[in-house]
Each structure stands twice: as C-alpha cells, then as structure tokens.
Amino acid sequence: MWSKFTQIFKVPDLRNKILFVLGVLVVFRIMANTFIPGIDAEKAREFFGQNQFLGLANIFSGGALEKFSIVMLGLGPYITATIILQLLTMIFPALEKLYKEEGERGKQKFNQYGRILTVPLAILQGYSMIVLFQRQQIIGSLPPLILFSSLLTMTAGSMFLVWLGELISEKKIGNGVSLLIFAGIVAGFPTDLGQLVAIYDPTKLIPYLLFFASSLLIIAGVVLITEARRNIPVSYAKRVRGTKLYGGVSTYLPLNVNPAGVIPIIFAISILLFPTMIANFLVGLGGAWTKVFTGVNSFLQDPVIYSAFYFLLVFVFTFFYTAVTFDPKNISTNLQKMGGFIPGIRPGSSTAQFIARILNRVLVIGALFLGSIAVMPSLVQALTGVQSFQFLVGGTSLLIVVSVVLETIRAINAQLEMREYDTF
C-alpha cells in the first residue's frame with residue numbers, strides 16, 4: 001500500500017491530477033463555509049437536528065445547507081434530476097433507448113438533460129427552503145429583489161458544483177459528484193473529534209470504545225457486501241473470420257449483491273417523512289382534525305414503528321429501483337448479439353428469465369443488508385448513547401463514504417497499471 005502511495009507522487013501526470021482534485025475539494029469547502037448574513041445559527045442547528053429529511057439534504061450539501069452558505073443546495077437538485085430521468089425511462093421508450101442503447105453518446109445527452117432539469121429544480125427547492133426558514137424564524141422577510149438574487153445565487157451555486165464534479169470526473173480519479181458528497185460528509189469529522197477531546201469524560205470511555213468497535217465491524221460488513229458479486233458463467237461460441245478464429249472463451253457476468261446503492265434509503269426517507277410533514281401542516285385545522293393528525297404524528301414518531309417502516313420501505317425500494325435500472329432482457333439480447341450464452345440455458349427469453357431469477361435471489365441479501373444499514377445508526381445510538389460520528393455506523397453517509405473510497409482506489413490503481421504497461 002505504501003509503495004503505491006509513493007508511486008502516485010512519483011508519476012508527474014497522476015500527481016498533478018490528484019493535486020487538482022484536492023484543490024477542487026478545497027474550493028468546495030471554502031464555498032460551503034461562505035455564509036449568508038442574517039441567519040440565526042442556533043435555530044438553524046436545532047431545526048436541522050429535528051428534521052431527518054432536511055438532515056439528509058444537509059449531508060448531500062456537505063453541511064452547507066445548515067450553514068446557509070452560497071452553495072446551500074449542494075448537489076441535491078442534480079441528484080434529484082438524475083433520479084427523475086431514470087424513472088422516466090420506464091415511461092418514455094425513446095428516453096430508455098437513449099440511456100441504455102446509444103452508448104457513450106447517449107449517456108452524454110442523457111446527462112445534459114439532467115443538467116437542464118437541475119435548474120428549475122434548484123429554483124423550486126431554493127424557494128421552498130427560504131419559505132420554510134422564514135416560517136421557522138431562521139431568516140426574516142425578504143424583499144422581491146433580494147429574494148430573486150438569493151434564488152439566483154443558490155441555483156448558480158448548485159450548477160457550479162455540478163461543473164466542479166465534472167472537472168474531477170475528467171481526470172479519471174473517480175466520480176466527481178460522489179467525491180464532492182464524500183468531502184461534505186467527512187468534513188464534520190475533525191469537528192466531532194475536537195468536541196470529543198474537549199468534553200472528555202472518563203465515565204464514557206467504555207461506550208465510546210463500544211461505539212468505535214461497532215463502527216469497524218459495520219464498515220467491514222459494508223465493504224464486504226458492496227464488493228460482493230454473484231458470477232454467472234458465460235461462454236462465447238467460436239467464430240471464423242477470414243483466417244482468424246474468434247470466441248471460444250469462458251468468462252463471467254457479475255451481478256452486484258447491492259446494485260441499487262443508496263437510492264432505496266433516500267426514497268424510503270422521503271416516503272416515510274411525507275405523512276409526518278402533512279400531519280404537521282394540517283394539525284392546526286382545529287376540532288377533531290387536530291386530535292387525528294396529532295395521533296398520526298405521534299404514531300409515526302414512535303422509534304420502534306419508525307424503524308420497522310423504515311426497514312420495510314428500504315427492502316421494497318431495493319427491488320423497485322433495481323427493476324428500473326437493471327434490465328435482464330437487454331443483457332440477454334446483448335449476449336446473444338455477441339455470440340455469448342449461459343451454459344445449459346437457451347439464448348433469448350430463457351436467458352433473461354434465468355438472470356432475473358438469480359438477480360431476485362441475490363437482491364434478498366442486498367435488500368436485507370440495506371435495511372439493516374438504514375436503521376443501524378438508531379440502534380447503535382440507543383446502545384451506546386454516542387450522538388456524534390454517526391456516519392461511521394450506518395445510513396446513507398456510510399454507504400457513500402465506502403463506495404466512493406473503493407471507487408477512487410480502483411480508479412487510481414487503474415491509472416498506475418496503465419503506466420506500468422506503458423513502460424514495457
């Protein structure tokens with residue numbers, strides 16, 4: 001590991017790429033800490049601590065939303081736009097063909113649609129945030145011109161982060177958008193560590209040791225499941241072209257145990273918090289309605305009920321999102337075009353059915369894993385009483401951190417191997 005680390009900085013081109021990525025991350029953190037004046041910081045901190053949905057949005061903005069910085073929306077609108085377009089591929093065949101069948105050019109055009117859709121979503125989300133903060137008395141009333149300039153700044157900040165992410169992606173050191181989200185998540189680690197040292201209490205030593213031991217086990221489990229594959233054997237028929245013989249080799253079709261990533265957790269949080277938001281909004285109607293919506297709110301805020309629904313929704317959405325993004329029929333068709341087949345299985349619909357059956361079995365493990373990771377922070381927090389370092393014990397944050405680290409390591413190793421081949 002150390003030899004590779006030193007080798008990275010011995011290669012001028014690779015060293016310059018990594019320094020460029022680090023410079024972009026520094027720019028992102030400077031912007032995330034450039035505050036807009038006139039904000040009640042204490043009220044904002046309390047409000048985000050009580051609202052899990054906005055807490056998730058705050059994670060994707062790298063803490064910029066809580067601080068009301070010039071990039072307070074972060075990459076949330078872009079991620080939302082991408083998810084919406086992926087779901088629309090189920091409705092519009094032309095969009096599905098563009099995304100799945102037109103190669104790299106189709107992916108580029110699809111990404112361009114995502115950037116365009118980001119702009120109205122950023123405006124809508126920015127206006128909703130301003131109205132919400134005004135109702136919570138975090139900010140005061142804004143004149144029309146100030147409101148317009150604020151929305152323009154928020155939208156420009158989101159698009160600027162999208163641009164920074166694409167600059168990072170061009171360096172082939174990992175996915176730029178993911179790296180920016182990763183930087184935002186781990187940015188709070190030094191603060192949590194400093195608070196731990198400042199308020200050190202010997203009586204809490206055992207809970208903290210238990211917490212960090214649990215975090216190591218959970219991280220190891222996340223790495224194991226993230227890297228886990230179910231390999232399906234694939235053979236290619238021999239073909240003669242001119243005087244050369246092609247094919248006749250055997251390989252594997254890898255199926256990820258967790259192909260949906262963190263998206264099911266995001267969907268589950270959104271769906272789970274929607275009834276609570278509606279109940280809080282309608283609780284002021286008065287009369288019998290107040291009792292009804294107060295009861296609904298209390299029912300959903302029960303920790304056991306909330307965790308059970310959370311686990312169930314994550315489990316269901318794992319299958320749903322995989323069905324949207326993974327098409328066994330398309331894979332079967334591509335295999336048949338390339339002369340590939342699964343031994344013992346007929347090409348065509350039989351192959352598609354076989355892949356779908358294997359995928360559904362594998363997804364049971366992936367869905368159970370995602371559901372467990374989603375509720376893990378609440379369980380560990382209840383057992384140890386540790387409120388900080390929550391991204392170490394589960395949830396969306398841990399999945400993103402582990403996935404980005406593994407992806408970046410693979411990208412750097414690929415760059416090193418490519419340069420090793422060039423030396424022969």
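Starting from the Cα gyration tensor of segment 307-409, take the square roots of the eigenvalues, sort them a ≥ b ≥ c, and report rounded, prolate or oblate (rounded when a/c is under 1.5, otherwise prolate if a/b is larger than b/c, else oblate). Display every interim value, and only then the final one.
Numbers: a/c = 3.85, a/b = 2.33, b/c = 1.65.
Prolate is the answer for segment 307-409, as a/c is 1.5 or above and a/b outweighs b/c.
Taking a cut-off of 26 Å between Cα atoms, list the lysines near K67, but don't count ones fewer than 8 places away on the same chain.
K43
Let me make sure I get this right: for segment 144-213, a, b and c are the square roots of the gyration tensor eigenvalues over alpha carbons, sorted descending. Under 1.5 in a/c it's rounded, otherwise prolate if a/b > b/c, else oblate. Which is it?
Working: a/c = 4.87, a/b = 1.76, b/c = 2.76.
Because a/c hits 1.5 or more and a/b fails to exceed b/c, segment 144-213 counts as oblate.
Values quoted throughout were computed directly from the atomic coordinates according to the rules given, and no laboratory measurement underlies them. Note that the structure is predicted; figures quoted are calculated from it, not measured.
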